[in-house]
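Every number in this text was worked out from the coordinates using simple rules, so none of it is lab data. The model shown is predicted, which means the values in this text are computed figures rather than measured ones. Cβ placement follows ideal geometry from the backbone for every residue including glycine, while neighbour counts extend to all protein chains displayed.
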Amino acid sequence: ASLSGWIGKLLVDLQEGRDTGLLAAKFHRTLVEYVRQVARTHRIRQIAFSGGVLQNGLLMDWLHAELHSEFRLYFHRQLSPNDECIAFGQLMVHQILRDGNETGS
């Protein structure tokens, strides 16, 4: 099923008054399955997760539980997954480029 089709079904379920707790669980499980499908389709073996959505402990737990045996997973450990890491990433790219230029590569 397509992502847009899945979202449409979720909205119909919501409009029909289905239990929001069950819909939330279905939403999270489906996100995990889409990550799995995309990784398999593109033969990706390593997946790095970042962004504010990873403050969602349930999603992080399910991603790890469902995917760790099939893929190498990377999650934040020392920095938060929020926007502060954008600046940190920019600093790391700058350092890599600078160090590469200093060595003549």
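For the reader, a short list of remarks on this structure follows.
- Subtracting the Cα-Cα distance of Asp99 and Ala48 from 0.36 nm times their residue separation leaves 16.0 nm of extension gain.
- Helix 3-15 vs. the chain, principal-axis angle (Cα, 0 to 90°, nearest 10): 40
- Whole-Hz couplings from phi, Karplus 6.51/-1.76/1.60, listed for the stretch 40-46; x for Gly and Pro: 5, 4, 9, 6, 8, 9, 10
- Of [x] 1.41; [y] 2.90; [z] 1.11, the label for Cα Rg over 2.2 N^0.38 Å derived from the coordinates: [x]
- Sparse-neighbour loop sites [GluC sites (Glu not before Pro); the stretch 1-83; at most 13 other C-beta within 10 Å; DSSP]: Glu16, Glu70
- Centre separation in Å (Cα based) which lies between the stretch 58-82 and the stretch 1-36: 21
- Rounded tilt (10° steps) of 84-102 against the dominant C-alpha axis of the chain: 30
- Residue-averaged 222 nm ellipticity for the chain, from DSSP H runs of 4+ at -39500 (n - 2.57), nearest 500: -20500 deg cm²/dmol
- Taking the Cα centre of the chain as origin and assigning +1 to Lys and Arg Cβ atoms and -1 to Asp and Glu Cβ atoms, the resulting dipole is close to 360 debye.
- 0 to 90° range, to nearest 10: angle between helix 57-67 axis and the chain longest Cα axis: 80
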